[in-house]
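Read the structure below first, then the notes.
The values are calculated or read from the model by the stated rules, or taken from the named source; none is laboratory data. Computed from a predicted model, the values in this text were never measured in an experiment. All Cβ positions, glycine included, derive from the backbone under ideal geometry; neighbour counts span all protein chains shown. Keep in mind that these areas ignore ligands, DNA and RNA; they rest on the heavy atoms of the full protein, side chains included. Shrake-Rupley method; radii C 1.70, N 1.55, O 1.52, S 1.80 Å.
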Amino acid sequence: MYRLTSKLIVYRNIGKGSILFRLSEICQQFVSGEYRKEDIVTEIYTEINRLLDISTRYGFDRNLWHNYLAFLLAMTENPFSLVSEKVGANEGTVNEFAKNDFAIFKKLFDYDFSEMEKELDIQCFSIITNYKAVVKSEQIFNKSVSEKVQKLSSLIEKVESEEELYRIITRFYKEYGVGKIGLNKAFRISEQEGGSILSPITTTGDMTLDDLVGYELQKEKLIANTEAFVEGRKANNVLLFGDAGTGKSTSIKAILNQYYSRGLRMIEIYKHEFKNLSKVISEIKNRNYRFVIYMDDLSFEEFEIEYKYLKAVIEGGLETKPENVLIYATSNRRHLIRETWSDRSDMSQDELHRSDTMQEKLSLVARFGVTIGYYKPSQKEYFHIVTTLARRYPEITLSEEELCAEANKWEMSHGGISGRTAQQFITYLLGKKAV
């Protein structure tokens, strides 16, 4: 194995501390005969433990060794994989180096650990190549990455030629992308990912725009802007404002699910993290995806100045915002920043030109080219939401009149009329033993 990994060229940046390279060094010790049995077995078990940890985090099954090697191919960012992400298979001398590395990976797929197991009296390699994982909830492993990696692993297992292997891997890069940004839907800010500022959000909801009853005009505006964005046409930053519980956040999350397969990714950021916006944009501006920076429940008090970072990034800084980045924000406030009556008068004891302060505050919302209002439904609309949601669950057997009567009682003691209240009422009904 050491002779194989030492010949890697394009994928040499996988890292000496990786499981692959550590097992390679262990195999070299075994072949040389310069080892103590107890020590080398301990080293093997350490790497098997690391492999099991990765397999648990990504829900791998069957041949964990194959899944791990496919995972390396899928997650390793280098000039070749990043170019393949954009254009797929392409002409160039670098292809010869890449094909060399892919042939090595195929040999690693087929590597025979039986001699080592027999000599050291261990069975761990036989176990991990015929592994039956414990069935687990999607909430505790990264399903998005897991499905793609295991699909790639299965395809590589069946490959019979070097050219076919090259086509499979480059097609994978073109279709799914490479690295955590390619294989995940959504991200949050974290500075603990090996120098990267983005950390994947591994479990996202599966809501769609059809799940949001009503608000058809609002959804049409949001779809039209997003459609233009993912197609590479001009598109605007979007502010969704209005009453609480009306579906603003749900709409944006649903947009991610609808357009993920077409290259849309989402980055969730909170106002205390705005100082990192320039770092985020620097990391994503050259990638082959469209990024929505998502800011939920955005608003500022008079004493908060984080909005100045946001203004500079959206429009006004020396460095222009990349074409593959938009900002979608939700807020209960139309103008985002708290205003006072004194803001609207030039007569003030503490500032000579208060109207300048008002313009400073209003200039933030002006940087959102599309503003979409989500307003509290009427009682008739509220009942329509309740009955529409209820029809999606056969176990709810109440008549329409009974539903409306119970929904009316519910909203009076649970925050008033809204889409959120309607959904909470349906959840309450589903939680009862008999509905």
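Just a few scattered comments:
- Number of residues in segment 81-95 that are within 21 Å of the chain's Cα centre (by Cα) and not aliphatic (A, V, I, L, M): the value is 4.
- Looking at Glu147, Glu164, just one residue is open to solvent by less than 70 Å² (accessible area, probe 1.4 Å) and either out of contact with any Lys or Arg (no Cβ under 8 Å at 6 or more places or on another chain) or within 20 Å of Leu73 (Cβ to Cβ) (or both), and that residue is Glu164.
- If you go through segment 251-264 and pick out every residue that is in contact with a helix residue (DSSP H, G or I) (Cβ under 7 Å, 6 or more places away or on another chain) and open to solvent by less than 10 Å² (accessible area, probe 1.4 Å), you end up with 5.
- Residue tally, condition out of contact with any Gly (no Cβ under 9 Å at 6 or more places or on another chain) and either over 26 Å from Arg22 (Cβ atoms) or of a type in the set (Val, Ile, Thr) (or both), over segment 65-115: 13
- Residue in segment 155-163 that is in contact with a Leu (Cβ under 8 Å, 6 or more places away or on another chain) and touching a residue at least 12 places away in the same chain (Cβ under 8 Å) present: yes
- Here the condition is being hydroxyl-bearing (Ser, Thr, Tyr) and either at pLDDT below 85 or in a loop (DSSP other than H, G, I, E, B) (or both); of Ser348, Ser282, it holds for Ser348 alone.
- Taken over segment 400-435, the criterion of being open to solvent by 50 Å² or more (accessible area, probe 1.4 Å), in contact with a Gly (Cβ under 8 Å, 6 or more places away or on another chain) and not basic (Lys, Arg) is satisfied by Gly415 alone.
- With respect to being out of contact with any helix residue (DSSP H, G or I) (no Cβ under 7 Å at 6 or more places or on another chain) and either modelled with pLDDT of 90 or more or open to solvent by 30 Å² or more (accessible area, probe 1.4 Å) (or both), Asp210 fits the description.
- Cross-chain or 6+ apart pairs with Cβ under 6 Å, segment 367-386 first and free of Cβ contacts under 8 Å to residues at least 40 places away in the same chain, then surrounded by 16 or more Cβ atoms within 10 Å (Cβ to Cβ): Phe383/Cys404
- Matching strands (runs of 3 or more DSSP E) fully within segment 196-272 where at least 2 residues are of a type in the set (A, V, I, L, M) and free of Cβ contacts under 8 Å to residues at least 60 places away in the same chain: none
- Applying the condition of being assigned to a loop (DSSP other than H, G, I, E, B) and at pLDDT below 90 to segment 1-32 and asking which residue is surrounded by the fewest Cβ atoms within 10 Å (Cβ to Cβ) yields Lys16.
- Qualifying positions in segment 46-92 - among the hydroxyl-bearing types (Ser, Thr, Tyr) and out of contact with any helix residue (DSSP H, G or I) (no Cβ under 7 Å at 6 or more places or on another chain): Thr46, Thr56
- Residue within segment 138-155 that is of a type in the set (D, E, K, R) and either in a loop (DSSP other than H, G, I, E, B) or closer than 21 Å to Thr5 by Cα (or both) present: no
- Long-range neighbours under 6 Å by Cβ, at least six apart or interchain, first residue over 15 Å from Leu51 (Cβ atoms) within segment 101-127, second acidic (Asp, Glu): Ala103/Glu162
- Qualifying residue in segment 225-234 (condition: modelled with pLDDT under 90, open to solvent by 50 Å² or more (accessible area, probe 1.4 Å), of a type outside the set (Phe, Trp, Tyr) and more than 21 Å from the chain's Cα centre (by Cα)): no
- Once segment 33-61 is narrowed to residues that are under 23 Å from Glu115 (Cβ atoms) and open to solvent by less than 30 Å² (accessible area, probe 1.4 Å), the residue that is nearest to the chain's Cα centre (by Cα) is Leu51.
- Residues in segment 84-136 that are assigned to a helix (DSSP H, G or I) and either in contact with a strand residue (DSSP E or B) (Cβ under 6 Å, 6 or more places away or on another chain) or open to solvent by less than 70 Å² (accessible area, probe 1.4 Å) (or both): 23 in all.
- Single unsatisfied condition, Ala89 versus (1) at pLDDT below 90; (2) among the hydrophobic types (A, V, I, L, M, F, W, C); (3) within 21 Å of Glu119 (Cα to Cα): (3)
- Sole residue being touching a Gly at 6+ places or on another chain (Cβ under 8 Å) and modelled with pLDDT under 90, chosen from Gly205, Gly245: Gly245
- Number of the condition not met by Lys271 [criteria: (1) open to solvent by 20 Å² or more (accessible area, probe 1.4 Å); (2) modelled with pLDDT of 90 or more; (3) among the charged types (D, E, K, R); (4) closer than 18 Å to Met295 by Cβ]: (2)
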